Amino acid sequence: MTRNIQILWGALIVVVALLNIVDVLPDWATFAAVLSIPLMTAIGCLTRRANVARVRS
């Protein structure tokens with residue numbers, strides 16, 4: 001992920017947490033947002049690995 005996407009992703013997690021605090025979102029929304037961080041990291045790593053493999057071949 002680029003730096004802008006990382007900052008945006010962090011801001012969105014904070015917004016989800018704040019909306020959960022004021023009971024706008026269900027409780028599971030914060031957990032889903034936080035657990036999505038490793039998923040986005042894995043997707044970014046796989047994308048970079050595929051790009052590197054494509055450049056080397």
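The values are calculated or read from the model by the stated rules, or taken from the named source; none is laboratory data. Remember, predicted model here, so these are calculated numbers, not experimental data. All Cβ positions, even for glycine, are placed from backbone atoms using ideal geometry, and neighbour counts span all protein chains on display.
Has segment 18-33 got at least one residue that is small (Gly, Ala, Ser), in contact (Cβ under 8 Å) with a residue 40 or more places away in the chain and in a helix (DSSP H, G or I)? I'd like the intermediate steps shown before the answer.
If we filter segment 18-33 for residues that are small (Gly, Ala, Ser), which is where we start, we get 29, 32-33.
Going one step further and asking which of them are in contact (Cβ under 8 Å) with a residue 40 or more places away in the chain, we end up with none.
So far as segment 18-33 goes, no, none of its residues is small (Gly, Ala, Ser), in contact (Cβ under 8 Å) with a residue 40 or more places away in the chain and in a helix (DSSP H, G or I).
Which of the numbered conditions does residue 17 fail, given that it passes all the others? Conditions: (1) touching a Ser or Thr at 6+ places or on another chain (Cβ under 8 Å); (2) at pLDDT 85 or above.
Among (1) touching a Ser or Thr at 6+ places or on another chain (Cβ under 8 Å); (2) at pLDDT 85 or above, the lone unmet condition for residue 17 is (2).
Pairs, please: C-beta under 8 Å, at least 6 apart or cross-chain, first residue in contact (Cβ under 8 Å) with a residue 24 or more places away in the chain and part of a helix (DSSP H, G or I) and in segment 41-57, second of a type in the set (A, V, I, L, M, F, W, C) and surrounded by 10 or more Cβ atoms within 10 Å (Cβ to Cβ)?
Note: pairs meeting the criteria are 41/1; 44/1.
Filter segment 30-50 down to the residues that are modelled with pLDDT under 80 and farther than 18 Å from residue 6 by Cβ and list them by number.
The answer is 30, 49, 50.
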